[in-house]
Amino acid sequence: MPTSDIGLDKTLAALGVAQPDQVAPLFAKIQEHFAAQFSLVHDESDWKIFRDRWLGRKSGVLAQVTDNWLKPAPPELKRAVGAALNELRAQVEARVEERRLAIEAGADETSLARERVDLSLPGVIRPIGSRHLIRQVFQEIEDIFFSIGFSVVEGPEIETPYYNFEALNIPEFHPVRDDMDTFYLELPKGAPEPLLLRTHTSPMQIRTMEKRQPPVRVIVPGKVYRRDNPDATHSFIFHQVEGLAVDTDITFCDFTGTIEYFVEQFFGPGVKTRFRPSYFPFTEPSVEFDVSCIFCGGSGAAASGGSCSKCKGAGWIELFGAGMVDPAVYGFVNYDAKKVSGFAFGMGIDRLAMLKYGVDDMQVFFQNDVRFLRQFP
Ligand code: DAH
C-alpha cells in the first residue's frame, strides 16, 4: 500500500478539504497505510527503509504532511491538522521504536544461538611443557640424596678465584687450573678482584662450610662453565651435582657406601662399581668412580660383535671424581682438621643423563629441539 495515493503531495485545498471535520478521515487513511506497511517490517533493513519513509526529515510521510498540509492550511484548519499530526507523529514514533527494540532482541537471540559454545565438542588441546631431561635427572638425584639425609644448597655461577680455586687448595700456578680454565668477566678498571664463571660446583663446599658447622650433608646441583669446544661429550656449559658430607667420624666406608647406594638407586641393581685412585687437590685420597658399562652389561663386547662403542671395550664407564676432603681445605673454613673428616664428590649430570637414557650426543640437551624433549615428558 504505497503512500503516494494519499495525496501527500497536494495541499488540503487541492484535496478539497475545507472543514475541520474533513481532517480526521484523512488522517485515518494515513493510519491505515501505516498499519499495513508496519506489518511488513521484520528485520533491520526493512525497519530502516520504513523509518526513513515515515520519519525522514525531508520526504518522510510526516514531513510531507507538515509541509504540504499543515503549513499552507488556512487558519480555520490549522488547529485540527496540527492536533491530528501530533497524534500521528507520537504513534508512528512509538511504534517505530518499539519495532526497533523487538528486532534488536531477535537479532541478539539469533547471534546467541549462532555463537553458543557447544561444550560437547572436543576442545582444542594445548600442549603444556614438561621438565627438561636435565631437570628431571637433577630431581632424581636430589630425591635419592634426600632419602639419606642430604639437603640441597645452591650457589652463584659467577665466582671469585678464591672460592673456585684457592680455597679448594688450587693455588694460582697449580697445573690443574689448565684443565679448568674458563670465562673471566670483563670488569671495570679498579674492580677489587677478578670474577669468573665457576668451573665446577665445588666452590659451594667452601661456602657451605664457612656458614655451617659439622655435621654437614649437602648436595649442590647447578650449571658450570669451561672453555671446551662443543662435541658429543663436551660443552662450554654443563651441569654438576656436588656432594659434601663432613662430621666427626666419617670414614672411607661411609663414602663408598653412600656412592654405591646412590648408583644402585639411580641405575638400578645389577650395575657393578669400582673406585680407581686419582688426584684432586681438594681430596686425599682421591678416586675416580666407575660403573660397569650400562650398554654392554660390562662385557666390553657389542651385541653385534666387536667391542662396545660406549666403553670402548673396557666394560667400565667413568662416572665422576670424589674423595675424602683434604685436611688442607678445612684450614680455609676454620674447621679443626684433627676433629672432622668427610667426603666429597662431583658428578657430571649430562653424562649421567646420557648413560641412563641412552642419549649419544650431549648437544641435544642445549638445542631444545622439541622432538628430543618430547621423548622425556
Ligand atoms: N670438581 C671436580 C671437577 O669438576 C669434580 C670433583 C672431584 C668434585 C672430586 C669433588 C671431588 O667434590 O671430591 O672436575
In the range 240-265, anything in contact with a Ser or Thr (Cβ under 9 Å, 6 or more places away or on another chain) and open to solvent by less than 30 Å² (accessible area, probe 1.4 Å) is listed as Gln240, Val241, Glu242, Gly243, Leu244, Ala245, Val246, Ile250, Thr256, Ile259, Val263
Filter pass, Gly298 being in contact with a Gly (Cβ under 6 Å, 6 or more places away or on another chain), buried (at least 18 other Cβ atoms within 10 Å of the Cβ) and assigned to a loop (DSSP other than H, G, I, E, B): yes
Does any residue in the range 95-114 that is closer than 19 Å to Arg53 by Cβ come within less than 7 Å, Cβ to Cβ, of a residue that is open to solvent by less than 90 Å² (accessible area, probe 1.4 Å) and among the β-branched types (Val, Ile, Thr) six or more places away or on a different chain, and which pairs are these? Arg99/Val41
Somewhere in the range 266-273, is a residue under 28 Å from Ile170 (Cα atoms), loosely packed, with under 15 Cβ neighbours inside 10 Å and not acidic (Asp, Glu)? no
Reported set for the range 186-203 where residues are away from the ligand (no atom under 12 Å from the Cβ) and either open to solvent by 60 Å² or more (accessible area, probe 1.4 Å) or charged (D, E, K, R) (or both) is Glu186, Leu187, Pro188, Lys189, Gly190, Pro192, Glu193, Pro194
Here is a check on your reading of the model: is Arg217 within 11 Å of the ligand (Cβ to nearest atom) and either of a type in the set (Lys, Arg) or at positive phi (or both)? no
Six or more apart or on different chains, Cβ atoms under 6 Å: show the pairs whose first residue is in the range 124-148 and closer than 17 Å to Val263 by Cβ and whose second is of a type outside the set (Phe, Trp, Tyr). Val137/Ile349; Val137/Ala353; Phe138/Pro221; Ile141/Val241; Glu142/Val152; Ile144/Gln265; Phe145/Ile219
Pairs returned, first residue in the range 204-229 that is farther than 22 Å from Asp143 by Cβ and open to solvent by less than 10 Å² (accessible area, probe 1.4 Å), second residue that is part of a loop (DSSP other than H, G, I, E, B) and of a type outside the set (Ser, Thr, Tyr), beta-carbon separation under 7 angstrom, 6 or more apart or interchain, are Ile206/Val333; Met209/Val333
Condition check for Val92: open to solvent by less than 60 Å² (accessible area, probe 1.4 Å) and in contact with a helix residue (DSSP H, G or I) (Cβ under 6 Å, 6 or more places away or on another chain): yes
Considering only residues that are open to solvent by 50 Å² or more (accessible area, probe 1.4 Å), of a type in the set (A, V, I, L, M, F, W, C), under 24 Å from Leu101 (Cβ atoms) and in contact with a helix residue (DSSP H, G or I) (Cβ under 8 Å, 6 or more places away or on another chain), which ones fall in the range 22-72? Leu40, Leu55
Which pairs do you get when a residue that is closer than 14 Å to Glu140 by Cβ and aromatic (Phe, Trp, Tyr), found in the range 348-360, comes within reach of a residue that is assigned to a helix (DSSP H, G or I) and open to solvent by less than 20 Å² (accessible area, probe 1.4 Å), reach meaning Cβ atoms under 7 angstrom, with the pair 6+ apart or on two chains? Tyr357/Leu133
Does His239 qualify as being in contact with an Asp or Glu (Cβ under 8 Å, 6 or more places away or on another chain) and more than 12 Å from the ligand (Cβ to nearest atom)? no
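Could you please give the count of residues in the range 303-317 that are surrounded by 15 or more Cβ atoms within 10 Å (Cβ to Cβ) and part of a loop (DSSP other than H, G, I, E, B)? Write out each step before concluding.
Let us first name the residues in the range 303-317 that are surrounded by 15 or more Cβ atoms within 10 Å (Cβ to Cβ), namely 307-308, 310-311, 313-317.
Of the ones still in play, those that are also part of a loop (DSSP other than H, G, I, E, B) are 308, 310-311, 313-315.
Number satisfying all stated conditions: 6.
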Of the residues in the range 318-349, those that are open to solvent by 30 Å² or more (accessible area, probe 1.4 Å) and in a helix (DSSP H, G or I) come to Pro327, Ala328, Gly331, Phe332
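The values are calculated or read from the model by the stated rules, or taken from the named source; none is laboratory data. The structure displayed is predicted, hence computed values, not measured ones. A quick note on method: Cβ atoms are made from the backbone with ideal geometry, for glycine too, and the neighbour counts reach across all protein chains shown. Side chains included, ligands, DNA and RNA excluded: accessible areas come from the protein's heavy atoms. Shrake-Rupley method; radii C 1.70, N 1.55, O 1.52, S 1.80 Å.
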